[in-house]
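S.K.: Take this structure, written in C-alpha cells, and hold onto it; I'll ask about it next.
Just so it is clear, none of the values below were taken in a lab; they were calculated from the coordinates. Predicted, not measured: the structure shown is a model, and the values here were computed from it. Here the Cβ is made from the backbone with ideal geometry for all residues, glycine too, and neighbour counts use every protein chain on show.
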Amino acid sequence: MVVSYPQTSLENDAYKIALEQYDRAVAHANLDDNLVEYMRYPRREFIVNFPVRRDDGRVEMFTGYRVHHSTVMGPSKGGLRYSTAVTLDEVRALAMWMTWKCALVNIPYGGAKGGVVVDPKTLSLGELERLTRRYASELIPLMSPMMDVPAPDMGTNPQVMAWIMDTYSMNIGYSVPAVVTGKPLAIGGSEGRTEATGRGVVVCMLAALKYHGITRTEGVRVIVQGFGNVGSNAAAYAHELGFKVVGVSDVEGGLYNPNGLDIPALLTHQKAVGRIAGFPQAEVVTNDELLTLPCDVLIPAAMEGMIHAGNAEKIQARFIIEGANGPTTPEADDILNDRGVYIVPDILANSGGVIVSYFEWVQDLQAFFWGKSAVFENLERILTAAYQTTKQTAEQLHLDMRTAAHVTAIQRVANALATRGIYP
Ligand code: NAD
C-alpha cells in the first residue's frame, strides 16, 4: 500500500487537522489499507473564477470552490461559506468532516463543502444576489437533488439558499426545492432548520452532562464563542432550559456576566444594531479571554482552530461541546484529554444542522411537510442514538469521543465502499 496525501500545500490548518484526526481514527478502525488510502482523497474538486458587476459598474473577479469528498452513501451534502479566509484546503477539510458527520448520524449522504472568497459584509444586497446566482450557475453541472445538495454555513443564510434554488430552477425549467436546504419556509424550507444546529448542540450537551451524572440545568455555567446561527441558537435554547449563559462573543469581541446574560434581550440588541457590542450589564472581554473564563461548558461556535496548544491548558470548562467545525487542534485535544475535559466532537455535536437539512430534502422530494414538533422529535431521536453509539465505541475501544466518532463513521463508509466494490 502507498500512503500519500491528496496534493496540497497543507498550508491550511483545518485540512491538517482533518487528516490527522483521520489518521488517528483509522489506527483503531481495523480496515483494509487500500480503503484507508481511498477515503483520504476528495472525490472531486471544483474551482471557479467568475465575474460580478458591482453597483458602481466595475466588474470584479471572485473565486469559488466546491469539493465533493464522498458520494458513496448518497448525494454529497454540505454548506457554502462566504469568507475571505476560504481556501481550497479549508473546503477539503470541511467536506471530509461532512462525510464522517453524515455517516455517524446514519443519513444517506456523502460529504461536500463549498465557499467563495468574499467578505459578504462588503457587498450590497444586489451584489450578494448577483455573486450567489453566478456562483450557483457555475455549480449547476455538479449540483442536483441526487448529486450534491448545498446548505448554509458561515456568511450565508436562507436568502442566499433561495437565490441558489431559483437560479437552478430557472435553468432546469421547473422548481426544484430539493437542490438546496436551509431555504426559507415560503419555498420549501423545513420548520426548525434555522434553530437545528444550535438546538442539536444543546441536546448533545444534555446527553454529556447526564452521562456524568448532572441532570440539573440551574447553575450550570455555559460560554458560547460565536453568536451567529449556531452560537445564538445554542445560547437561546440553553437559556430557555435554565442554563446560565455567562459569556458569548462575536468576531469583534466578547461579553461576560458571571450572574448570567439575558440572552433574549441580547438577541433583540443584536438584531437592532447588528452586533453584540454595546449590550449593557456585561463586562467586555476579548475572544481569547472568553475561552478561558470560569464556566462548566464551553461551546465553540465560530471558526476552526480556536482551541489550540496555546490556550488549551488555560480552559476552565469541564465539557466542550463543539458547535463549530474543527475548533480544536489535535495538540489541544491531547492536552484537554489528559486534563480530563470531556469533548463532544463537531461531527456529532453540530450534526443537528445536516440532520434537519436531510428532513428538509425528504419533505421537498415527497412534497409533504412536517410540523416543528415532528422535526425536533426526530432530530433528538437521531442525535441521541448517535451519541449513544459513539459513547459505546469510546467505552469499548478506550477512546476519546472524537476518535470514537471518527472510527464509527469511517467504518460505515468503508463498509459501503467495500460492498459497492471498486469501479470498474
Ligand atoms: P455565522 O456566520 O452565522 O456565525 C459565525 C459567528 O462567529 C458570528 O457571530 C461571527 O461574528 C463569529 N466569528 C467569526 N470569526 C470569529 C472569530 N475569529 N472569533 C470569534 N467569533 C468569530 O456562521 P454559523 O453558521 O453559525 O457557523 C459557525 C460554525 O458552525 C462554523 O464552523 C460552521 O462551519 C459550523 N456549522 C454551522 C452549521 C449551520 O447549520 N449553520 C452546521 C454545522 C456546523
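S.K.: Viscosity 1.002 mPa s, temperature 20 °C: give me the Stokes-Einstein translational D for the range 42-176 in µm²/s, with Rh taken as the Kirkwood radius over C-alpha pairs.
M.R.: Details: Rh = 14.8 Å.
So the translational diffusion coefficient is about 144 µm²/s.
S.K.: Let me ask something else. If each of residue 423 and residue 47 carries a label point 7 Å out from its Cα toward its Cβ, how far apart are those two points in nm?
M.R.: 2.6 nm
S.K.: What is the sum of charges, Lys and Arg at +1 and Asp and Glu at -1, for the other residues whose Cβ falls under 14 Å from the Cβ of residue 209?
M.R.: Values: positive: 210, 216, 221, 244, 318, 391; negative: 218, 296.
Taking every Cβ under 14 Å from that of residue 209, the sum is +4.
S.K.: In what sequence, highest mean first, do 36-48, 67-79 appear when ranked by Cβ atoms within 10 angstrom? It would help to have the intermediate numbers written out before the result.
M.R.: Numbers: 36-48: 17.1, 67-79: 25.2.
So the order, starting with the most tightly packed, is 67-79, 36-48.
S.K.: I need the peptides 49-59, 131-141, 283-293 ranked by packing, meaning the mean over residues of other C-beta atoms within 10 angstrom, with the highest value on top. Walk me through the intermediate numbers first.
M.R.: Working: 49-59: 11.3, 131-141: 19.7, 283-293: 17.3.
Listed from highest to lowest mean packing, they are 131-141, 283-293, 49-59.
S.K.: When N is the residue count of the range 262-302, what does its C-alpha Rg come to as a fraction of 2.2 N^0.38 Å?
M.R.: 1.27
S.K.: Order of 21-33, 297-309 by packing, highest average Cβ count within 10 Å first? Mind showing how you got there, number by number?
M.R.: On the way: 21-33: 17.2, 297-309: 23.3.
Averaged packing, sorted descending, gives the order 297-309, 21-33.
S.K.: Per the Kirkwood formula on distinct C-alpha pairs, the Rh of the range 38-97 is how many angstrom? Write out the running numbers ahead of the final one.
M.R.: On the way: mean 1/r = 0.0766 Å⁻¹.
After inverting the mean inverse Cα-Cα distance, the result is 13.0 Å.
S.K.: Using alpha carbon centroids, what distance separates the range 40-100 and the range 233-270, in Å?
M.R.: After rounding, the separation between the Cα centres reads 32 Å.
S.K.: Let me check against my output: what whole-number percent is the relative contact order of the range 194-349, with C-alpha pairs under 8 Å and at least 6 apart? Could the numbers behind the result be given before it?
M.R.: Numbers: 323 pairs, mean separation 35.3, N = 156.
Over the range 194-349, the number comes to 23 percent.
S.K.: Still on this structure, I have one more. Give me the dipole magnitude in Debye, nearest 20, for the chain about the Cα centre, with unit charges on the beta carbon: positive for Lys and Arg, negative for Asp and Glu. Walk me through the numbers before you get to the answer.
M.R.: On the way: 36 positive and 45 negative charges, 181 e Å.
So the dipole magnitude of the chain works out to roughly 860 debye.
S.K.: Still on this structure, I have one more. Rank the residues 249, 144 as a footprinting-exposure proxy: fewest other Cβ atoms within 10 Å of their Cβ go first. Walk me through the numbers before you get to the answer.
M.R.: Details: 249 26, 144 16.
Ascending number of Cβ neighbours within 10 Å: 144, 249.
S.K.: Based solely on C-alpha atoms, express the radius of gyration and the Dmax of the chain in angstrom.
M.R.: Values for the chain (Cα only, Rg and Dmax): 20.6, 65 Å.
S.K.: Taking Rh as the Kirkwood radius, which is the inverse of the mean 1/r over Cα pairs, what is the Rg/Rh value for the range 275-424? Walk me through the numbers on the way to the answer.
M.R.: On the way: Rg = 18.7 Å, Rh = 17.8 Å.
Using Cα coordinates only, the ratio equals 1.05.
S.K.: List, largest first, the extents of the alpha carbons of the range 210-264 along their principal axes, each in whole Å.
M.R.: So the three principal-axis extents are 36, 22, 20 Å.
S.K.: Mean 1/r over all different Cα pairs, inverted: what Kirkwood radius does the range 194-349 give, in Å?
M.R.: Values: mean 1/r = 0.0664 Å⁻¹.
Computed over the range 194-349, the radius equals 15.1 Å.
S.K.: Same structure, new question: So which lysines can residue 244 reach, going by Cα to Cα under 24 Å and dropping same-chain residues fewer than 8 places off?
M.R.: 210, 271, 314
S.K.: Moving on to the next point. With both bridge residues required to lie in the chain, what share of the DSSP beta bridges run antiparallel, to the nearest 5%? Present the calculation step by step, with values, prior to reporting the outcome.
M.R.: Working: 24 of 50 bridges.
Roughly 50 percent of the DSSP beta bridges within the chain come out antiparallel.
S.K.: Subtract the Cα-Cα distance of residue 37 and residue 119 from 0.36 nm times their separation in residues, and report this length gain in nm to one decimal.
M.R.: Working: separation 82, 0.36 × 82 = 29.52 nm, distance 3.55 nm.
That pair, residue 37 and residue 119, stretches by 26.0 nm at full extension.
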